[in-house]
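The values are calculated or read from the model by the stated rules, or taken from the named source; none is laboratory data. All values derive from a computational prediction rather than experimental measurement. Cβ coordinates were reconstructed from backbone atoms using ideal geometry, including for glycine residues, and neighbour counts include every protein chain displayed.
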Amino acid sequence: MRVLIAVASRHGGTWGIGERIADVLRSVGHHVDLREPEDVPRADGYDALVLGSAVYTGHWLPAARELGERVAQGAVPANVWLFSSGLATQPAAAANSPHELAALAEELHAQGHRSFRGRLDVRALSFAERAIIAGARARAGDHRNFEVVERWAQEIAGTLALQPAG
């Protein structure tokens, strides 16, 4: 199957999650394109879309939201999953589940949304981002759990194995 993984990542942490998902899907024989949302005009020709974004101040990055809107207005792949990456201490915390995702998931007929812990390198942040992080009392470090990411990617691979290709 042809799978598009589009990931909006400001400092690379969420991109790393997308890379791991791509690795798992490639390992079972899927053709995977890993792209930044700005580089994707639409998702025509793909059997599946995995769209993810870092979460800042409770929202997905604009590039991911805009790609979701473009895809929803065109040919939506038969299989769609969404994921978020943020600094909440629990993977399913509300801070990692932006409110705009419910509407987007419905428009894309997404099969699910998964929240993952993110990575925080304070040295890579702007002054404004450091101020926000200080107010939120976020802990610096890499909090991503790649075993959890890989299990989710394997679930996607299992679902795709049951689908006819395009």
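Observations, loosely collected:
- In region 65-84, the residues that are outside any strand (DSSP E or B) reach residues that are of a type in the set (Val, Ile, Thr) with C-beta atoms within less than 6 angstrom, at least six apart or across chains, in these pairs: Leu67/Val40.
- Some residue of region 19-33 being surrounded by fewer than 24 Cβ atoms within 10 Å (Cβ to Cβ), over 20 Å from Trp152 (Cβ atoms) and over 12 Å from the mean Cα position of the chain (by Cα): no
- From the options Pro77, Pro37, residue that is over 21 Å from Glu155 (Cα atoms) and modelled with pLDDT of 95 or more: Pro37
- Of all residues assigned to region 1-10, none qualifies as being exposed (fewer than 14 other Cβ atoms within 10 Å of the Cβ) and either under 19 Å from Trp152 (Cβ atoms) or of a type in the set (Asp, Glu) (or both).
- Comparison of Ala88, Ala92 shows that the only residue that is at pLDDT below 85, small (Gly, Ala, Ser) and buried (at least 18 other Cβ atoms within 10 Å of the Cβ) is Ala88.
- Members of region 2-34 that are at pLDDT below 95 and at positive phi: Gly12
- Within region 6-63, being among the polar types (S, T, N, Q) and part of a strand (DSSP E or B) holds for one residue alone: Ser53.
- Just so you know, in region 54-72 the residues that are in contact with a strand residue (DSSP E or B) (Cβ under 7 Å, 6 or more places away or on another chain) and among the β-branched types (Val, Ile, Thr) include one that is surrounded by the fewest Cβ atoms within 10 Å (Cβ to Cβ), and it is Val55.
- Residue pairs whose Cβ atoms lie under 7 Å apart, sitting 6 or more positions apart in sequence or on different chains, and linking a residue in region 106-123 that is of a type in the set (Lys, Arg) to a partner that is modelled with pLDDT of 80 or more and outside any strand (DSSP E or B), are Arg114/Trp152; Arg117/Arg144; Arg117/Asn145; Arg119/Gly13; Arg119/Arg144.
- A search for C-beta distances below 9 Å between a residue of region 35-62 that is at positive phi and any residue that is in a strand (DSSP E or B), counting only pairs 6+ apart in sequence or on different chains, returns Gly45/Arg2; Gly45/Leu4; Gly58/Gly86.
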